[in-house]
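Please treat every number below as a calculation from the coordinates, not as lab data. Quick caveat: nothing in here was measured; it's all calculated off a predicted structure. Positions of Cβ are generated from backbone atoms using ideal geometry, with glycine treated the same way; all protein chains shown enter the neighbour counts.
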Amino acid sequence: MMDTQESDQMTPSLELSVVVPVYNEIESVEMLCEQLHAACAPLEKTYEIILIDDGSKDGTWEKLSELITQYPCFTIIQFRRNFGQTAAMSAGFHAAKGRAVITLDADLQNDPKDIPLLLNKMDEGYDVVSGWRKDRQDAFINRKLPSMIANGMISRITGVPLHDYGCTLKAYSYDIVKNLHLYGDMHRFIPALASWVGGTIAEVPVDHHARRFGTSKYGISRTWKVLLDLITVKFLLRYSAHPIQMFGKIGAFFGIPGFIMLTSMLAGTVGYNFCGIESLGMFVEMSKSPAWVIMSFMLVFFFVQFITMGLLAEIQIRTYHESQSKPIYVVKDSKASSAARRS
Ligand code: UDP
Ligand code: MG
């Protein structure tokens, strides 16, 4: 999630950091390093290229160790085991010192030649520039179609419309990456998280190539994981400051019919038996049906459960903010006049 305070007071000491997660990509890394160097060296910027080996078992680390002796400005980080692409990107963000931070895949599907394109867009003042694989070179059924559906859903639900959340080739400002806390597979939601703290987002079409070596690390099951993450992101963005409002809504969904059923049975029984109102007889019949009685009590019980969960979540959210002295707002800048006024 985005931190809601300026947790990192450091300022960037370079102009560009390129962050690349690498997992079992031994055949690609040689061309990758060559292409990254060819793309960054002529930029006339101070830069670094950070490759994070996410626990590869195919000799990628050894190959990278050898390759970085041939090029300047490379840093490599090795994980003890495979922690996942988001964790690898997060390690890169922690290490990054660049005013602009660009991420891309190691499998050569993203083209390092697009780096200047993203940087030019960043120079227009955007906090995030997202690559859009307009002509995506992946299979339709198990890649492009689920991705189209996921992009549509993420855009709608987060309110940040992008064509391609899944494209790793993206540029972020230093401020954004230093205040991110990523969990699970959340790297694809960074634009939505950035927009929530007032970041500006742009999109540029980028090149995309078919995978030349090795195989994708993900299967179709990723779609389900993305949907679960989407629910988490939506909840955190919309309700993290007041969770009881969400639990209250779900509670009301069960509680309203439950209360109507219960009160109609009670009012009917009292009205028919004690006041002799004949028309209320049907409610007496209802209250004799075990299914009806169980159902109404169950719905009211769900209501109580959700409200109680909401209260617990409210306590949790206070612990979350107060234990880390996290405010519930985000400050962009603050200024004061040079001298305090004397009274
Ligand atoms: N990757 C990683 N850790 C993982 C899985 C993938 O660092 O656990 C890296 C992988 O080496 C590649 C990028 O993340 O650089 C994207 O992975 P992949 O190309 O398999 O995904 P796809 O392009 O099929 O979406
Ligand atoms: Mg790929």
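Pick from SER17, SER147, SER296: which is most flexible by mean-square fluctuation in a GNM of the chain where alpha carbon atoms under 10 Å apart are linked? Comparing SER17, SER147, SER296 in a Gaussian network model of the chain, the most mobile one is SER296. Judged by the mean number of other Cβ atoms found within 10 Å, the most tightly packed of the peptides 96-104, 269-277 leads the ranking 96-104, 269-277. The C-alpha atoms of the chain define a longest principal axis, and helix 85-95 lies at about 60 degrees to it. A DSSP coil position with no more than 16 other Cβ atoms inside 10 Å describes the following trypsin sites (Lys or Arg not before Pro) in segment 167-225: ARG211, ARG212, LYS217. Based on C-alpha pairs under 8 angstrom that are at least 6 apart in sequence, the chain has a relative contact order of 19 percent. Computed from point charges on the beta carbon alone (+1 for Lys and Arg, -1 for Asp and Glu), the dipole magnitude for the chain about its Cα centre is near 880 Debye. In the chain, the longest principal axis of the Cα atoms and the axis of helix 222-239 are about 70 degrees apart. Using the Cα gyration tensor of segment 101-244, with a ≥ b ≥ c the square roots of its eigenvalues, what is the shape: rounded (a/c below 1.5), prolate (a/b larger than b/c) or oblate (neither)? Since a/c reaches 1.5 but b/c is at least a/b, the shape of segment 101-244 is classed as oblate.
Determine the percent antiparallel among the DSSP beta bridges restricted to the chain, to the nearest 5.
Working: 8 of 30 bridges.
Percentage antiparallel, nearest 5: 25.
Sorted ascending by nearby beta carbons within 10 Å, beginning with the fewest, GLU48, GLU15, GLU278 become GLU278, GLU15, GLU48. The residue list GLN324, LEU280, PHE83 was ranked by how far each Cα lies along the charge dipole of the chain toward its positive end, using unit charges on Cβ atoms, and LEU280 comes out on top. Farthest towards the positive end of the charge dipole of segment 57-172, among the residues TYR165, GLN137, ILE115, is the Cα of TYR165, using unit charges on the Cβ of Lys, Arg, Asp and Glu. Could you work out how far helix 290-323 tilts from the main Cα principal axis of the chain, as a 0 to 90 degree angle to the nearest 10? It works out to around 40 degrees. Between segment 160-189 and segment 267-288, the alpha-carbon centres lie 60 Å apart. Considering only DSSP states other than H, G, I, E and B, which chymotrypsin sites (Phe, Trp or Tyr not before Pro) in segment 97-190 qualify as loop sites with at most 13 other Cβ atoms within 10 Å? Listed in order of number, the matching sites are TYR183. Farthest toward the dipole's positive end in the chain, which of LEU299, LEU104, LEU32, given Cβ charges of +1 (Lys, Arg) and -1 (Asp, Glu) about the Cα centre? Farthest along the dipole direction, towards plus: LEU299.
Computed about its Cα centre, the charge dipole of segment 275-343 is approximately 820 debye, with only Lys, Arg, Asp and Glu carrying charge at their Cβ. Exposure proxy shown here: for LEU236, LEU230, LEU16, the number of other Cβ atoms within 10 Å sets the order, fewest to most, as LEU236, LEU230, LEU16. Tell me which chymotrypsin sites (Phe, Trp or Tyr not before Pro) from segment 197-235 have a DSSP coil assignment and no more than 16 other beta carbons within 10 Å of their own. Sites meeting the loop and neighbour criteria: PHE213, TYR218.
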